[in-house]
């Protein structure tokens, strides 16, 4: 709800004086309403929604190295651009690509992007409003003895920064929603990422689920004994759970290492990473998207 | 000289954990032969898990020696890796064992560590997946599988290394009856293919049903190593190890049967006087 309210205020302030009121008002209300309706997240025990969606996406069979390289190239163009157009293109195109894989649905996509959106919008509001001694902008809000002003210059500057941030985030989220993490880590190895980092990523990915399951079990056990009955007991239970989790993860790591050694682990984690080769049409689609982004990036503001 | 079918011989090994008052293993000697099915019994802390870790080479015994196919296993990496490849260890909790993000890459972990060629790794992974009936989970993430499915992945992990002996640490703990039955079928197939099976368990009914020989541990030493019938017929050994008789074994005693049936069907036949 907070994200929705912030989004409404942000779009309203950004479009104030730039768009006619009959367009600006529905746009800001529509943005807030969409985030309010679709952006609410549900709690999932022992499962990470973005991981589940990536496992189910029809696009997870595409070559992960191509997807990663394309995403990184598009993010680079988006950030390097002096205008907001590549960012806008990616913000609109990425959800279309993601939902083309059947999973995620548009609702899931909005839910996933809602959290980073909150951070981007808060940053955008800070860029948009300037503190002035007297009314000096297109939009002026009095707060006690000072004025918060939105000037046309700050609107233009904010539009560029926020479009870049949304475009880059959309790229990352679409990559994450269509590519299971083991494939991404394998692609990073193929792109010459150091072995130590890749090995750590594999282990961290595995441990996220182990610790999440352990945490869920401990929390449920505490809850079943009224451990969360009052604020005070909840604080104590949470502290106990996290200290136990530390001890449990240490024991778990030790047994895990024994199990790895028992299968001839010496140094370096090696998995058989297989992925389908990138086809020519897939390469052409990525190249076309990149070319459009570059063309938009060099357009005058 | 060794009999042709002897795979693993443990001779008088001892192991004491750092700072422990008494040794976890003290003068333990066991021989495992091809295709044999052995139960390792004993109470908690009797030394069963330490024994398994020593057999597999994860822990190095501080005394005694280990012979693999008649050859003493030395301290070189090559010899230790040969032992780990030949003596597979399936851990009690599959989550302790599974580290990869997909079932097929998890199963390939061991063969990749053996530095086998890619085609050979693929062929071993395919074979293990087929034997454990995991085809539909090949590209699934192991953390989304059920307990029984994870257990099958853990067994496939070891099968892909083509071991001569598989050590199972508490394999039926946390499995439902259906999965226990499926596991027993898998054991039967593995044993028939010549792989020796060594199972550490507290489930005496399962041990009586699924194995032919029992090694009993108490306080880090072996108190009995003979047929399961002899072990469960020896009240002193059972009392020292904190074990009870299997229900079918006890039922046969109460009924005064000459034979000791392993299954309900055998008990029914024996009680009806059928051969």
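Every number here is computed from the coordinates shown, using simple stated rules; none is lab data. Given the structure is predicted, the values throughout are model-derived calculations rather than measurements. Note that we place each Cβ from the backbone using ideal geometry, even for glycine, and neighbour counts take in every protein chain shown.
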**Item:** Ordering of A:122-128, A:169-175, B:146-152 by burial proxy (mean other Cβ atoms within 10 Å per residue, highest first)
**Value:** A:169-175, B:146-152, A:122-128
**Complete:** Label model pair residue A:221, residue A:247: point-to-point distance (7 angstrom along the Cα→beta-carbon line) in nm is 1.0
**Prompt:** Build a GNM of chain B with springs between Cα atoms under 10 Å: which of B:26, B:96, B:12 gets the top mean-square fluctuation?
**Reply:** B:96
**Request:** Mind pulling the angle between the C-alpha long axis of helix A:280-297 and the longest principal axis of chain A? Nearest 10 degrees, somewhere in 0 to 90.
**Result:** 40
**Asked** If you line up the long axis of helix A:21-38 against the longest principal axis of chain A, both from Cα atoms, how many degrees apart are they, to the nearest 10?
**Response** 10
**Request:** With a/c under 1.5 counting as rounded, go ahead and sort chain A into rounded, prolate or oblate using the C-alpha gyration tensor (a ≥ b ≥ c being the square roots of the eigenvalues; past the cut-off, prolate if a/b is larger than b/c, else oblate).
**Result:** oblate
**Request:** Note the direction-averaged projected area, equal to a quarter of the hull surface, for the Cα convex hull of chain B, in nm².
**Result:** 16.1
**Item:** Using a Förster distance of 41 Å, the FRET efficiency for residue B:69-residue A:236 (Cβ separation, nearest 0.05)
**Value:** 0.10
**Asked** Where is the GNM fluctuation largest for chain B (alpha-carbon springs, 10 angstrom cutoff): B:156, B:181, B:239?
**Response** B:239
**Asked** From the square roots a ≥ b ≥ c of the eigenvalues of the alpha-carbon gyration tensor of the stretch A:172-296, which class results: rounded (a/c under 1.5), prolate (a/b over b/c), or oblate?
**Response** oblate
**Item:** Average partner coverage of B:106-116, which counts Cβ from other chains inside 10 Å
**Value:** 5
**Asked** R0 = 22 Å: FRET efficiency of residue A:266 with residue A:200, Cβ-based, nearest 0.05?
**Response** 0.85
**Prompt:** Taking R0 as 45 Å, what's the FRET efficiency between residue B:130 and residue B:236 from their Cβ-Cβ distance, rounded to 0.05?
**Reply:** 0.45
**Item:** Helical contribution to [θ] at 222 nm, DSSP H n ≥ 4, -39,500 (n - 2.57), averaged over chain A, rounded to 500
**Value:** -24000 deg cm²/dmol
**Request:** Indicate the gyration tensor shape class of the stretch A:36-128 (rounded, prolate or oblate), computed on the Cα atoms with a ≥ b ≥ c the square roots of the eigenvalues: a/c under 1.5 is rounded; otherwise a/b larger than b/c is prolate and the rest oblate.
**Result:** oblate
**Prompt:** By how many nm would the segment from residue B:122 to residue B:44 grow when fully extended, if each residue of separation counts as 0.36 nm and the alpha-carbon distance is taken off?
**Reply:** 24.2 nm
**Fill in**
Across A:251-260, the residue-averaged tally of Cβ atoms belonging to other chains within 10 Å stands at 5
**Prompt:** Among B:158, B:98, B:87, whose mean-square fluctuation peaks in a Gaussian network model of chain B (Cα, cutoff 10 Å)?
**Reply:** B:98
**Item:** For the stretch B:165-196 and the stretch A:120-152, distance of Cα centres in Å
**Value:** 71
**Complete:** Across A:204-212, the residue-averaged tally of Cβ atoms belonging to other chains within 10 Å stands at 3
**Asked** What is the spin-label model distance, in nm, from residue A:145 to residue A:192 if the labels are put 7 Å beyond Cα along the C-beta direction?
**Response** 6.1
**Message:** Starting from the 7 Å offset along Cα-to-Cβ, what nm value, one decimal, do you get for the label separation of residue A:156 and residue A:106?
**Reply:** 3.3
**Complete:** Packing-ranked peptide list from B:212-222, B:74-84, highest mean Cβ count within 10 angstrom first, is B:212-222, B:74-84
